[in-house]
Amino acid sequence: MSDQNPLPNFKKIDLISMFMEKIKATKVSDLMSRNILVGHVTNSFTHTLRIFSEMNSHHLPIVNTRREVIGMVSSNDLLDLLILKLPTIIQSDEKTLNQMINIRELMTPHPQVISSETPLSKALNVFSKKNIHALPVIDKNELVGIITSNDLLLAINA
């Protein structure tokens, strides 16, 4: 019974084709998060760490005063840094940590970005080719949202 196709009128290739058509018709703006947290190069390291911890965030676009994306910090960036500097970090107080680590050095500068009108299929391609999990979404050089690989998985599963 478990080997039977739950949709007997459709062949598997038809389902894949229908799925791909839906992906092509969907824009980044249809799935992106619009209410996003942002960071600034002037934020302290411990402030940024708290954003990740308290807001359960995995990606933080770093913007300038015009909301232009100038960098990106991921939870992996934080983990890599913590592992690399663990002996020093354990012995440091908050003030010392903030003096040792600045956001400009921690962030990935000039991250890959995408427009809200971009087809979802292109976003999938960028995630795959660049091996990244978040894309800041910009319109007219201003940050308007973020789309993550998790957003795509949730949409597929819906």
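Here, each number is a calculation from the coordinates, and none is a lab measurement. Since the model is a prediction, treat every value here as computed from it, not as a measurement. A quick note on method: Cβ atoms are made from the backbone with ideal geometry, for glycine too, and the neighbour counts reach across all protein chains shown.
The residues of region 47-72 that are within 12 Å of I138 (Cβ to Cβ) and of a type in the set (D, E) amount to a single one, E68.
Where strands (runs of 3 or more DSSP E) sit wholly within region 44-158, those with at least 1 residues that are surrounded by 12 or more Cβ atoms within 10 Å (Cβ to Cβ) and touching a Gly at 6+ places or on another chain (Cβ under 6 Å) occupy 59-63, 134-139.
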